[in-house]
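These notes are about the structure you will find just below.
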Amino acid sequence: MAINLQSQPKVDTREPVINDFAFSVATKNGSGSQTSNNVLVMSLFRMGIPVNGKNLFPSNIKGLPTWYTIRASKDGYTARKAITEIVVAYNDGTATEDVANLPPGGVCITTDKIARVIKQRDDISYYEIPVAKLMRQTDVPSAFRKLVENMTYVGAVAKLFDIPLDLIYDVLLANFKGKEKPAKMNHDVIKLAYDWTAENIEKTDPYRFESMDGTTGKIMMTGNDAGALGAVFGGVNVVAWYPITPSTSFVDGIINFRHLRQNENKENTIAIVQAEDELAAAGIVTGAGWAGSRALTSTSGPGISLMAEFAGLAYFAEIPAVFWNITRMGPSTGLPTRTSQGDLLFTHFLGHGDSRQLCLLPGNLKEAFEFGWKSFDLAEALQSPVFVISDLDLGMNNWLSDPFDYPDQPIDRGKVLDAAQLQSFIDEHGKWGRYMDVDGDGIPYRTVPGTDHPFSAYFARGTGHDVMATYSERSDDWVENMHRLRQKMDTAREKLPGPIIDDSSRSDIGIVTFGTNEDAVREARDWLANDGIQTDYLRVRALPIASAVGDFIHSHKSVFVIENNFDGQLNQLLHIERPEDISHVRSLALGDGLPMTPSWIYENLKEQEG
Amino acid sequence: MPPRVNQLGLSRNEYKGRPSTLCPGCGHDSISNQIISIAYEMGIEQHKFIKVSGIGCSSKTPAYFLGGSHGFNALHGRMPSVVTGALLANKELSCIAVSGDGDSGSIGMGQFKHVIRRNVPFVYIIENNGVYGLTKGQFSATADEGQFLKYYGLNEMPPIDLALEAVISGASFVARSFSGDAKQVRALLQAAIRHQGTAVLDIISPCVTFNNAETSTKSFPYGKDNEVPLHEIQILAPDYVDAKEEIEVGDYEAGDVIDVEMHDGSFIRLKKLDNDHDPRNRRMAIDVLEQSLREQIFSTGLIYYEEPRPTLADTEALVSTPLARLDEASLRPSKKALDSVMRGLMAG
């Protein structure tokens, strides 16, 4: 079927746009679009084009709308773009809106069936694929037909924007773990659509891919996989968890990488328990940390709620354990598959009583890996739970990265006394008590069960203990303990990963952010610089904040705190931590369920800065 | 005269903990005492044991026994998860855990059943008194239907039978006892410590302050007058087993004695009383519990026993060294391994 060109824009005069545009793919979930989108992203990655794919999906399993955005950027910008130039409108339910969102000159790739309803605009290019007709020409078994139907847009996109077919086949093979049969079945459909497009569609848009050298030596991975790999290299021993989007694939990652830690008899050094709920998962890691192993759980907001009581107990009993919070919109229902940075305050203050949980805030894939292993060293060195706050965007989407660096420090088990060390301690100090601070850093020495020494045992409980871990309800015992815990927090401030700072522009304007906003902020800063507005930059990577964060705020006349939550939670925290420095600090917070865009930052900062 | 000592040269005093803070005469203190006695008699090495509990009067008791063992007073109803983690971290540890009827029968019912499902090997003692003590006398879920308590009036809910719940959940060792029956508690504790699976001991342990009226089935007077032991219990440790045949069976006829062989080679010798209960028969175990509930018979003894399933550590196929003691070489794969993973993720 030839396309009706009467209402097409005249595009011959437009300059070609190469490797610098974005797609939005609208499909129905459960239709196999995950595979087709992955194939597109991985193909661009293999063409050497910096690319990022983001899955924007509602909480349904089958038949309802889902979107996937793919951004190619020759300059290496991989933040989400607010507007995509191209839409693949394969879902009749959302097609009208999907097309309405296109900018003038945009492109709509759709099925012939949907096209009848949505061809109202004359300022964009429509390409119609006769999906049903093409599928009738394939010999795909009927059981698979619905699942490979989406490969028709892969074929059309490959032809229209120049993605080599043989490269797509290689990606398919990798996707199906080397199995030729499913790779070929999918590829046949792609080729059919490719050939049909070549014969029947006249290209009227300027967009095109071209192989380049932008991804050589780089990897693509999800943040959950990166964190899981980090945990495996960090010596995780006990994993307890309960399924919850978007953290489930974190534990899937540990399961996939567990073999790296098996011995020659295929025996495990990592136990993985799917608990009955997140509360039990928190209990299991607390027990495992107390007994001297490296324990981890991964969850999201609702699970963090259930873990609150154990988090508080572990904080006061000073038990190391690692908790990953792959943040999504809270609370439980409504937007559970949308990204957010809305758990920052909740997680940092998790627990009843005066608790301040240690938090690590990875902003990219490399940090997800690094904090994956480092979190155990920090938890054991500081004898405390450590929360790694990631989000759905980093956790579940494919990110481009340099390969990960092998851990640059040996494993740090912290101040654990074995029987001989315990004896030396007693010889030196006259006695050992679980909560004695002999080093002045607020960090006591601990023993673990199984230590063969007559004085190794102690009784762990939350509050109500003296330095010997003996039950005490004396006020002065507890106040003394709280002072020591505060000292420990101050030790932690400078021991946790410090902020990333770029103050090279010596600007009066400072931008403070955390986590996955990094890419959007970086791009927005470049746009602002083009307009003559220079900015300095600080990305917070841990809580409680290091003194360098306060110094940065103090040394800039105008500070914007950019974050992906509605209330400006990092901004609030800075008010708590540095109340004397804060009058010139403004919050730029947006919690809309989507990854941050450079355009939102650019527009709002520019407006505020005047 | 020097104090008597056990095979490790330790006196019974060395198995004690700190002084109890429970009400004088509390049934729970009696159970703590039996734990101390058994640990002393068996000559256990305290550093190889942990003691864990939830919250409540019962859960305070681990502070009062085995002062040489690491202890953890955790959260209300959440002892099982802490035990699960600790025993995965170090599978060489043994664990005596104490819970109560509020802790296991209400807030912790989920963890109670799931720890059994996973077959975490430990002694799970429920000190069951049918009442919340620390919060001043509310009914618990195991209280008798129709019971009247001063503070809360009439209990119109039927009780949950925790021994029955344990059998249904797949526990391989389930016993019921009475804290006033020290001899039976000691025998069951000995067997439970040797068991390679979750061993549930539901011990009726009267609250002398809030629930000790004669009309309560959880009271001392009721227990003393109404306990119906299913059998007399004797534990034959592995080192005695060769001499098993010679051990005095007493006045019992052959057939009136059941020897239950345990995983570690020891035997639980049950001398029959007025009934035919065979704890190796799951149907009989359920029947005896249901009949006891229906007819308010205070049956005690080893309710159910089966050869334990693989423990959680077995199911996880863990290395032989406890996870908590692995060295750096076992905890961190090589740089080569990381590079190999990275290469697999590259564009080409």
Kindly list the number of the only condition in (1) within 14 Å of chain A (Cβ to nearest Cβ); (2) of a type outside the set (Asp, Glu); (3) buried (at least 23 other Cβ atoms within 10 Å of the Cβ); (4) in contact with a Pro (Cβ under 7 Å, 6 or more places away or on another chain) that fails for B:THR142.
(1)
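A quick yes/no check of all residues on (1) surrounded by fewer than 23 Cβ atoms within 10 Å (Cβ to Cβ); (2) more than 25 Å from A:GLY591 (Cα to Cα); (3) more than 14 Å from chain B (Cβ to nearest Cβ); (4) not basic (Lys, Arg):
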{"position": "A:GLY292", "(1), (2), (3), (4)": "no, yes, no, yes"}
{"position": "A:ALA295", "(1), (2), (3), (4)": "no, yes, no, yes"}
{"position": "A:PRO302", "(1), (2), (3), (4)": "yes, no, yes, yes"}
{"position": "A:VAL322", "(1), (2), (3), (4)": "no, yes, no, yes"}
{"position": "A:ILE326", "(1), (2), (3), (4)": "no, no, yes, yes"}
{"position": "A:GLY330", "(1), (2), (3), (4)": "yes, no, yes, yes"}
{"position": "A:SER355", "(1), (2), (3), (4)": "yes, yes, yes, yes"}
{"position": "A:LEU358", "(1), (2), (3), (4)": "no, no, yes, yes"}
{"position": "A:ALA381", "(1), (2), (3), (4)": "yes, yes, yes, yes"}
Given the criteria under 21 Å from A:SER505 (Cα atoms) and buried (at least 21 other Cβ atoms within 10 Å of the Cβ), does A:VAL585 qualify?
no
Restricting attention to the stretch B:1-59, and to residues there that are touching a Pro at 6+ places or on another chain (Cβ under 9 Å) and hydroxyl-bearing (Ser, Thr, Tyr), which single residue is nearest to A:THR447 (Cα to Cα)?
B:SER53
For residues in the stretch A:420-450 being assigned to a loop (DSSP other than H, G, I, E, B) and among the hydrophobic types (A, V, I, L, M, F, W, C), which is nearest to the other protein chains (Cβ to nearest Cβ)?
A:VAL448
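Confirm whether B:ALA89 is surrounded by fewer than 24 Cβ atoms within 10 Å (Cβ to Cβ) and among the hydrophobic types (A, V, I, L, M, F, W, C).
no
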Find the residue count for the stretch A:387-441, including only residues that are more than 25 Å from A:LYS366 (Cβ to Cβ), buried (at least 20 other Cβ atoms within 10 Å of the Cβ) and in contact with a helix residue (DSSP H, G or I) (Cβ under 8 Å, 6 or more places away or on another chain).
2
Quick count over the stretch A:112-122, residues being touching a residue at least 40 places away in the same chain (Cβ under 8 Å) and not in a loop (DSSP other than H, G, I, E, B), is 1
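Only one residue in A:VAL39, A:VAL11, A:VAL51, A:VAL17 is modelled with pLDDT under 75 and out of contact with any Cys (no Cβ under 8 Å at 6 or more places or on another chain). Which one? Break it down into steps so the answer makes sense when it comes.
On the way: A:VAL39 fails: modelled with pLDDT under 75; A:VAL51 fails: modelled with pLDDT under 75; A:VAL17 fails: modelled with pLDDT under 75.
Matching residue, one of A:VAL39, A:VAL11, A:VAL51, A:VAL17: A:VAL11.
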Residues that are more than 14 Å from chain B (Cβ to nearest Cβ), at pLDDT 95 or above, surrounded by fewer than 17 Cβ atoms within 10 Å (Cβ to Cβ) and closer than 30 Å to B:SER81 by Cβ: does the stretch A:239-246 have at least one?
yes
If we keep just the residues of the stretch B:295-318 that are buried (at least 17 other Cβ atoms within 10 Å of the Cβ) and within 9 Å of another protein chain (Cβ to nearest Cβ), which is farthest from B:THR198 (Cα to Cα)?
B:LEU318
Among B:LYS51, B:LYS60, which is surrounded by fewer than 24 Cβ atoms within 10 Å (Cβ to Cβ) and either facing another protein chain (nearest Cβ under 7 Å) or at negative phi (or both)?
B:LYS60
Has the stretch B:329-347 got any residue that is in contact (Cβ under 8 Å) with a residue 24 or more places away in the chain, of a type in the set (Gly, Ala, Ser), over 25 Å from B:ARG186 (Cβ atoms) and within 14 Å of another protein chain (Cβ to nearest Cβ)?
no
Identify, from the list B:GLU316, B:GLU295, B:GLU306, the residue that is over 30 Å from A:LYS374 (Cβ atoms) and touching a residue at least 40 places away in the same chain (Cβ under 8 Å).
B:GLU306
Out of the residues in the stretch A:278-290 meeting the condition of being in contact with a Gly (Cβ under 7 Å, 6 or more places away or on another chain) and not polar (S, T, N, Q), tell me which one is farthest from the other protein chains (Cβ to nearest Cβ).
A:GLU278
Does A:GLY283 meet the test of being out of contact with any Lys or Arg (no Cβ under 7 Å at 6 or more places or on another chain) and either in a helix (DSSP H, G or I) or buried (at least 24 other Cβ atoms within 10 Å of the Cβ) (or both)?
no
Go through the stretch A:174-264 and tell me which helices (runs of 4 or more DSSP H), entirely inside it, have 2 or more residues that are closer than 30 Å to A:ARG294 by Cβ and not aromatic (Phe, Trp, Tyr).
A:223-233, A:248-257
Being within 16 Å of A:LEU296 (Cα to Cα), modelled with pLDDT of 95 or more and in a helix (DSSP H, G or I), is that true of even one residue in the stretch A:320-336?
no
Could you please find all residues in the stretch A:451-502 being buried (at least 16 other Cβ atoms within 10 Å of the Cβ), of a type in the set (Ser, Thr, Tyr) and more than 14 Å from chain B (Cβ to nearest Cβ)?
A:THR491
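Yes/no matrix, rows are residues, columns are (1) buried (at least 21 other Cβ atoms within 10 Å of the Cβ); (2) within 11 Å of another protein chain (Cβ to nearest Cβ); (3) touching a helix residue (DSSP H, G or I) at 6+ places or on another chain (Cβ under 9 Å):
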{"position": "B:ARG18", "(1), (2), (3)": "no, yes, yes"}
{"position": "B:CYS23", "(1), (2), (3)": "no, no, yes"}
{"position": "B:GLY71", "(1), (2), (3)": "yes, yes, yes"}
{"position": "B:ASP101", "(1), (2), (3)": "yes, no, yes"}
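Looking at the stretch A:123-166, what helices (runs of 4 or more DSSP H) fall wholly within it and have at least 1 residues that are in contact (Cβ under 8 Å) with a residue 60 or more places away in the chain, touching a Phe, Trp or Tyr at 6+ places or on another chain (Cβ under 9 Å) and within 18 Å of A:ALA72 (Cβ to Cβ)?
Once the helices (runs of 4 or more DSSP H) in the stretch A:123-166 are filtered for at least 1 residues that are in contact (Cβ under 8 Å) with a residue 60 or more places away in the chain, touching a Phe, Trp or Tyr at 6+ places or on another chain (Cβ under 9 Å) and within 18 Å of A:ALA72 (Cβ to Cβ), what remains is A:151-161.
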Taking the stretch B:293-310 as the search range and keeping residues that are in a loop (DSSP other than H, G, I, E, B) and within 19 Å of B:ASP274 (Cβ to Cβ), which one is modelled with the lowest pLDDT?
B:GLN296
Among the residues of the stretch A:258-277, which ones are surrounded by fewer than 18 Cβ atoms within 10 Å (Cβ to Cβ), in contact with a Ser or Thr (Cβ under 9 Å, 6 or more places away or on another chain) and either within 8 Å of chain B (Cβ to nearest Cβ) or of a type in the set (Lys, Arg) (or both)?
A:ASN263, A:GLU267
Assuming B:LEU154 fulfils every condition listed in (1) aliphatic (A, V, I, L, M); (2) closer than 26 Å to B:ASP278 by Cβ; (3) more than 24 Å from the chain's Cα centre (by Cα) apart from one, which condition is it?
(2)
If the Cβ limit is 9 Å and pairs must be 6+ apart or interchain, which residue in the stretch A:466-487 that is free of Cβ contacts under 8 Å to residues at least 60 places away in the same chain and part of a helix (DSSP H, G or I) pairs with which residue that is exposed (fewer than 12 other Cβ atoms within 10 Å of the Cβ) and small (Gly, Ala, Ser)?
A:GLN487/A:GLY440
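The values are calculated or read from the model by the stated rules, or taken from the named source; none is laboratory data. If you're wondering where the values come from, they're calculated on a predicted model, not measured in any experiment. Cβ atoms come from the backbone with ideal geometry, glycine included; neighbour counts cover every protein chain shown.
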